Amino acid sequence: MALKVGYRHFDCAHLYQNEEKIGQAFFKVFNDGHITREDVFIVSKLWCTSHRSDHVEATCDKTLSDLQLDYLDLYLIHWPMAFEPGKGTLFPVDDNKVPLMDTRSPSLLETWAAMEKLVKSGKCRNIGLSNFNISQIEEILKNAEIKPACLQAESHPLFPNLELLEFCKKNEIAFVCYSPLGSPGRTWKKEDQLSLLHDEDVLKIAQKHSVSAGQVLIRYQVDKGNSVIPKSGNLSRMKENLNIFGFSLDSSDMDCLNNLYKKAGPNGYRVFDFKEFTHSPNYPFSSEL
């Protein structure tokens, strides 16, 4: 459905547990002949149970098999935390329901070196990071043979993540924004948390440009120079989310959106904080606790 609408960037992950179905769709579309593999940019991510160097390639191979592909355009380390492998679950826990960290404690550099081998073998065209903090990215940059092509991170007006964005720009790392709408459908939303799609300032800007609130929020990321990956399973919403190139935000719009986070406190708020994993030595958001 997304391919027919016009999308060409597909953000996949082992965590999402749908790569086999997506692979079936790719196989059908590519074999129909109207869209080729080269027309599409396909991303997947290494999950936390596969950070050991001897697990990385096999995990990538499983993703390639599920997606029915010969290579990935981009492969990311999904999160910097390493979970205990071999427990038959993506989120292993102990008898007290505490998440189990990998007893071998593979370093970020060990995992990254294994990712680099995927580029050398041709299985991945590019490699990158997701949900890493600045110091973790710096560690990779200082030791990497192949530089991270991008960082995927949460960003929206209630959590603009500006320091991380500026760091990526300075180091020529593409910034790919997820949750640009603030994940309005999340099940863990607190009653006192703001909804960007219903925020009066966002709605005023939308009315000014005769577009939807969602289109404003996506265009906001584009006008900041970011790549953006909105999520939707609704056909009309998919079309709307793609139709954001007929307008641009002016300086007053950008200034308003850049300061919207102040409504939620001095630093705004992060939707995906994964606080149940704060005991990991590689938990990326410790400075925010």
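The values are calculated or read from the model by the stated rules, or taken from the named source; none is laboratory data. These numbers come from a predicted model, not from an experiment. In this analysis, Cβ positions are derived from the backbone assuming ideal geometry, glycine residues included, and neighbour counts consider all displayed protein chains. All accessible areas refer to the heavy atoms of the entire protein, side chains included, with ligands and DNA or RNA removed. Shrake-Rupley method; radii C 1.70, N 1.55, O 1.52, S 1.80 Å.
Points worth noting:
- Here, segment 203-289 has an Rg and a Dmax of 16.1, 47 Å when only alpha carbons are counted.
- A straight chain from Glu166 to Asn267 at 0.36 nm per residue would run longer than the Cα-Cα distance by 34.7 nm.
- When Rg and the Kirkwood radius Rh are both evaluated on Cα atoms of segment 2-122, their ratio Rg/Rh stands at 1.03.
- Based on C-alpha pairs under 8 angstrom that are at least 6 apart in sequence, the chain has a relative contact order of 16 percent.
- Here Lys117 is the anchor, and the lysines within straight C-alpha reach of less than 23 Å, apart from those fewer than 8 places off in the same chain, are Lys45, Lys62, Lys142, Lys147.
- Going by accessible surface with a 1.4 Å probe and the largest first, Ser287, Ser179 read Ser287, Ser179.
- Rounded to the nearest 10 Å², the accessible area of Ser286 at probe 1.4 Å: 60
- Counting every alpha-carbon pair across segment 11-61, the share separated by more than 16 Å comes to 50%.
- Surface accessible to a 1.4 Å probe, Lys123 within the full protein complex, Å²: 50
- Projected label points at Glu276 and Asp70, each 7 Å from Cα along the beta carbon direction, are separated by 4.1 nanometres.
- Taking His78, His9 and ordering them by how much accessible surface each has at a 1.4 Å probe, largest first, produces His9, His78.
- Normalised by 2.2 N^0.38 Å, where N is the number of residues, the alpha-carbon radius of gyration of the chain equals 1.02.
- Here's the picture: a label point sits 7 Å out from the Cα of Asp39 along the beta-carbon direction, and within segment 11-32 the residues with their amide nitrogen under 14 Å of it are 26-32.
- Quick note on segment 141-249: its Rg to Rh ratio, both from C-alpha atoms and Rh being the Kirkwood radius, is 1.01.
- Using a Förster distance of 35 Å, the FRET efficiency for Thr89-Lys147 (Cβ separation, nearest 0.05): 0.60
- Where labels lie 7 Å past Cα in the beta-carbon direction, separation of Glu139 and Arg8 in nm: 3.7
- Residues of type lysines that Lys189 reaches as a straight line, Cα spacing below 19 Å, ignoring anything fewer than 8 places off in the same chain: Lys231, Lys262, Lys263, Lys275
- Cross-link partners of Lys208 among aspartates and glutamates (Cα-Cα below 18 Å; sequence separation of 8 or more within a chain): Asp199, Glu200, Asp223, Glu240, Asp250, Asp253, Asp255
- Area of Leu162 that stays accessible when all protein chains are in place (1.4 Å probe, Å², to 10): 70
- Using all pairs of distinct alpha-carbon atoms, the Kirkwood hydrodynamic radius of segment 75-160 works out to 14.5 angstrom.
- Sorted largest first by accessible area at a 1.4 angstrom probe radius, with every protein chain in place, the residues Lys189, Lys45, Lys97 fall in the order Lys97, Lys189, Lys45.
- Accessible surface computed residue by residue for segment 185-289, with neighbouring protein chains in place and a 1.4 Å probe, gives 58 Å² per residue.
- Gap separating the Cα centres of segment 1-68 and segment 235-267, nearest whole Å: 29
- Within a Gaussian network of the chain (alpha carbon springs, distance under 10 Å), most fluctuating of Asp73, Asp32, Asp95: Asp95
- Charging the Cβ of each Asp and Glu at -1 and of each Lys and Arg at +1, and nothing else, the dipole of the chain about its Cα centre rounds to 460 debye.
- Backbone N atoms of segment 261-289 closer than 15 Å to the 7 Å Cα→Cβ label point of Ser105 belong to residues 279-283.
- Candidates Gly33, Gly225, Gly268: whichever shows maximal mean-square fluctuation once the chain is modelled as a Gaussian network with Cα springs under 10 Å: Gly33
- Cβ-based net charge around Glu288, under 11 Å, with every Lys or Arg adding one and every Asp or Glu removing one: +1
- Beta bridges per DSSP with both ends in segment 1-112, % antiparallel, nearest 5: 20
- Of all DSSP bridge pairs formed entirely within the chain, close to 10 percent run antiparallel.
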